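Just below is one structure, and these are the notes that go with it.
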Amino acid sequence: MRKLLIAFLLLNGFVSQAQIKPSGILLNDKNANIKKLKDFSVVATLDGGKPIELVFQTHTCVGVSREDNKWYVLPLNDASGKISANTNLWILPQDALSKDKAYLIKLSGSDSVTAVSENDQLRVNVYSKKFELHTAEARPHSDCFNNRYALNIQGGDAFANTLAGFYWGTMLQSVIEKTKAKNYPYSSGYVISTLNPKAYAGSYPDVDHEFQIKGRLAFASDLDIDVVRRMMELQFKLMQDDPEGLFRDPCSVQPSGEREYHIRRNSQNNKVNANMFLLTGNMEIQEEAFHYFEATKDSVWLSKNIENLEKAAALTIANTDQYGRVWSDVYYEDQVMKDGRETMSGALAAYTFKLLAQMESILNRGDKSDYYAGFSKKIAHQLVQPLPQGFWDEKEQRFVDWVDRSGVKHNHIHLLANILPVIFGYTNEVQTQAVAKLVNSNLAEFQRFPSFISADVAGYDKNEIGDGGPYDLCAAGRYWWWDASYWKWLNNNDMLYKQLKTVAAEALKDSYYMGERYDMNHVYYVDNKDWHGADMYYEYPCVYTSILIDNYLGLQHTLNADLSIKPKVNGYGTIDFTNPLYNIRYTITAKGFKLKNLSNKPRRFSVDLSSVFKGKQLKLAGKSKIENSDAVITLAANEEANWVLSN
């Protein structure tokens, strides 16, 4: 019997109880006994009346708490400060490139943990009789709940390291609703743009929320989904508080509670000014809500907020003329004087009204759905008409950048003005081919890093450029997101790979922090710096996360299934994502494709392999069956489906 017990303990990786040994950033402990298992250790208290004390050589940690059935993240990255958590505490090496391990304290029941930062040390008290102690990479390849991911594909190590560096270094650290912002007048959903408070201390619904949300929905942990919902609800609250009753989504809300609903900026020569982001957030919230519903299928939330979405849409409708032209002023570009109607915002208006129509249909609001669908078609139709009524320049065979209120066309070669009408399906074949030719002929400039907004920055004059300089004509993450969407639409896996590789290489130079605007060491900015603006900025981390997971790996939320699988990966390999919304493994080989449901319940998957097996036919092996023309397949718990190349 004794031999059997010893064999059992050895088989399960147990060793005798011992004190915790200092290792890496873990310096010492008090009142602790450790029992090592195969994949983690169990730490127990020696004196049940006292907390277990641990000291780490770092001041970076991330807590996770559950309150009122909601998940909250509690980042701490200062030389002084304190947090308390009731679920998990991650302690990270200060240096993202460190060889030292990160530690996870995983609690259970009603246990809690506090972390106090003093100089360069973190003192942790765990109020628990026992807890799990895990280790991981300096920036863990997991979500906050230790659901792991692995990218065993070409470039996978660099891509996974960058994803982890961005997530733990910027995306989680930017959520301050329960830390620095906990006593702000608007705290719930307060997410900042930069970790440098001297740059911008506010939360910025216009522009920022769109891409903050894209990144968090792509990462798709339970915590990220809750943060996304609160970010949208913050926008609704700010719209409701609009003093003019116009339901405007403001540019920002500051720590004081001050809201910026109406901002005009001057041109460099002070002869022109334009309204910043008049409609941007009001359009973006439609897309944010739609993608949130795709991920969660939360019809209760959608029903509760559909009137908020309609009120947000009303401002765009009020700024659309009888022909269907949207007079939006500045959309994304706060340093370009687009005082009039611009192609980019018109395309996005038509697109987001279409999404609103779909949400109305989901709620069986047929009349409303028909109305918004019709409005979308009206804008899209007018968008692609020739000048002066539309935005298409027949002579130049491209879309103009914008038309000002005096009827003057500003005919710059603008990336999004041309690719968005194509991506959204508004253009005819002649226009689609003309845009492809335009993009290809200006490819070197458009892909400067990794995508420029304008092919000719020098072509904008002092009437058109804002007094802060031509920031928004250079490489910013939000332009890259849409550029990558164009290459995704073309099934150009090589370009997506190249863009991701370029950003990953740049991120590594600065330990996975990234700045605001890139590759500006030419034309206006010749100072041997390749980026300008705020440091430790949100945009590239969030956009990279979305492009990698959604566009490249092809893990996408969808209405008609639990998950859509549309990989655009270069070469062969295996990827694993084990957070609850994904929980899959797929493998691409020369012979075919395997998809495994890692969940403990049946799930439906929409599968499209056309991009990784271009021009080749595949068939399902075994008993698995495709349900319908949308290529949806149901897999039981832990079931695997196998597609093989047809002869």
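Checking each residue in the stretch 323-376 for being in a helix (DSSP H, G or I), of a type in the set (Gly, Ala, Ser) and in contact (Cβ under 8 Å) with a residue 12 or more places away in the chain picks out 345, 346, 347, 349, 350, 357, 369, 373, 376. Go over the candidates 228, 253, 191, 207 one by one and state the one that is at positive phi and crowded, with 22+ Cβ neighbours inside 10 Å. Step by step, each of 228, 253, 191, 207 is checked, and only 207 is at positive phi and crowded, with 22+ Cβ neighbours inside 10 Å.
If the requirement is being closer than 30 Å to residue 259 by Cα and touching a strand residue (DSSP E or B) at 6+ places or on another chain (Cβ under 9 Å), which of these qualifies: 177, 132, 118? Steps first, answer last, please.
Numbers: 132 fails: closer than 30 Å to residue 259 by Cα; 118 fails: closer than 30 Å to residue 259 by Cα.
Among 177, 132, 118, only 177 is closer than 30 Å to residue 259 by Cα and touching a strand residue (DSSP E or B) at 6+ places or on another chain (Cβ under 9 Å).
Scanning the stretch 235-250 finds one or more residues that are open to solvent by less than 10 Å² (accessible area, probe 1.4 Å), within 28 Å of residue 87 (Cβ to Cβ) and under 21 Å from the mean Cα position of the chain (by Cα).
So that you can scan it fast, the table gives a plain yes or no per residue for (1) modelled with pLDDT of 95 or more; (2) crowded, with 21+ Cβ neighbours inside 10 Å; (3) among the basic types (Lys, Arg):
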site: 398; (1), (2), (3): yes, yes, yes
site: 401; (1), (2), (3): yes, yes, no
site: 416; (1), (2), (3): yes, yes, no
site: 433; (1), (2), (3): yes, no, no
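Regarding residue 74, is this residue within 18 Å of residue 170 (Cβ to Cβ), of a type in the set (A, V, I, L, M), at pLDDT 95 or above and outside any strand (DSSP E or B)? So residue 74 does not fit the description; no.
Counting only strands (runs of 3 or more DSSP E) that fall entirely inside the stretch 552-620 and contain at least 1 residues that are without any contact (Cβ under 8 Å) to a residue 60 or more places away in the chain and farther than 16 Å from residue 489 by Cα, the qualifying elements are 563-565, 584-588, 592-597, 603-607.
Residues considered: 518, 582, 538. Of these, the only one that is out of contact with any helix residue (DSSP H, G or I) (no Cβ under 8 Å at 6 or more places or on another chain) and either at negative phi or surrounded by fewer than 16 Cβ atoms within 10 Å (Cβ to Cβ) (or both) is 582.
All conditions in (1) without any contact (Cβ under 8 Å) to a residue 60 or more places away in the chain; (2) open to solvent by less than 10 Å² (accessible area, probe 1.4 Å) hold for residue 387, with the sole exception of (2). When we screen 274, 289 for residues that are among the small types (Gly, Ala, Ser) and part of a helix (DSSP H, G or I), the only hit is 289.
Failed condition for residue 199, given (1) within 19 Å of the chain's Cα centre (by Cα); (2) at pLDDT below 95; (3) of a type in the set (A, V, I, L, M, F, W, C), with all others met? The number of the failed condition is (1).
The values are calculated or read from the model by the stated rules, or taken from the named source; none is laboratory data. Just so it is clear, the model here is predicted, and its values are computed rather than measured. We place every Cβ from the backbone using ideal geometry, glycine too, and count neighbours over all the protein chains shown. Accessible surface is based on the protein model in full, side chains and every heavy atom, while ligands, DNA and RNA are left aside. Shrake-Rupley method; radii C 1.70, N 1.55, O 1.52, S 1.80 Å.
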